[in-house]
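To start, the structure itself, in structure tokens.
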Amino acid sequence: MKKKVLFVLTSHGKLGNTEKTTGYHLQELSHPWKVLADAGYEIDFVSPKGGESPVDYFDLSEPTNKEF
């Protein structure tokens, strides 16, 4: 039986009652994903409301982010 991991990402894209955007930082996801994927885990991604989760920051010059 293959080992499994479930990542639960935010559905929230606005900070409180402001118009400021929020979300997750890509490296918060890409770095653990890389370690777990390399170890053979099956990985699923979900968000509480379903659909895409907002990304607040990403840097595609960082190799693990780019690979993800």
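Of the GluC sites (Glu not before Pro) found in the chain, those in coil by DSSP whose Cβ has at most 16 other Cβ atoms within 10 Å are E19, E52. Between the helical axis of 26-38 and the longest alpha-carbon principal axis of the chain there is an angle of about 10 degrees.
For K3, the lysines whose Cα comes closer than 23 Å to its Cα, not counting residues fewer than 8 places off in the same chain, are K34.
Restriction of the trypsin sites (Lys or Arg not before Pro) in the chain to DSSP coil positions whose beta-carbon has at most 11 other beta-carbons within 10 angstrom yields K2, K3, K20, K49. Straight-line cross-link partners of K4 among the aspartates and glutamates, defined as a Cα under 20 Å from its Cα and at least 8 positions apart when in the same chain: E28, D38, E42, D44. For the chain, the solvent-accessible area with a 1.4 angstrom probe is 74 square angstrom per residue.
Considering only Q27, G13, G50, and ranking their Cα positions along the charge dipole of the chain that arises from unit charges at the beta-carbon of Lys, Arg, Asp and Glu, the one farthest toward the positive end is G50.
For the chain, the share of DSSP beta bridges that are antiparallel, to the nearest 5, is 10%.
Ignoring lysines fewer than eight residues from K14 along the same chain, the ones with Cα atoms less than 20 angstrom from its Cα are K49.
The values are calculated or read from the model by the stated rules, or taken from the named source; none is laboratory data. Nothing here was measured: the structure is a model prediction, and the numbers come from that model. FYI the Cβ positions are ideal-geometry reconstructions off the backbone, even for glycines, and counts take in every protein chain you see. Just so you know, the surface numbers come from the protein's heavy atoms only, side chains and all, with ligands and any DNA or RNA stripped out. Shrake-Rupley method; radii C 1.70, N 1.55, O 1.52, S 1.80 Å.
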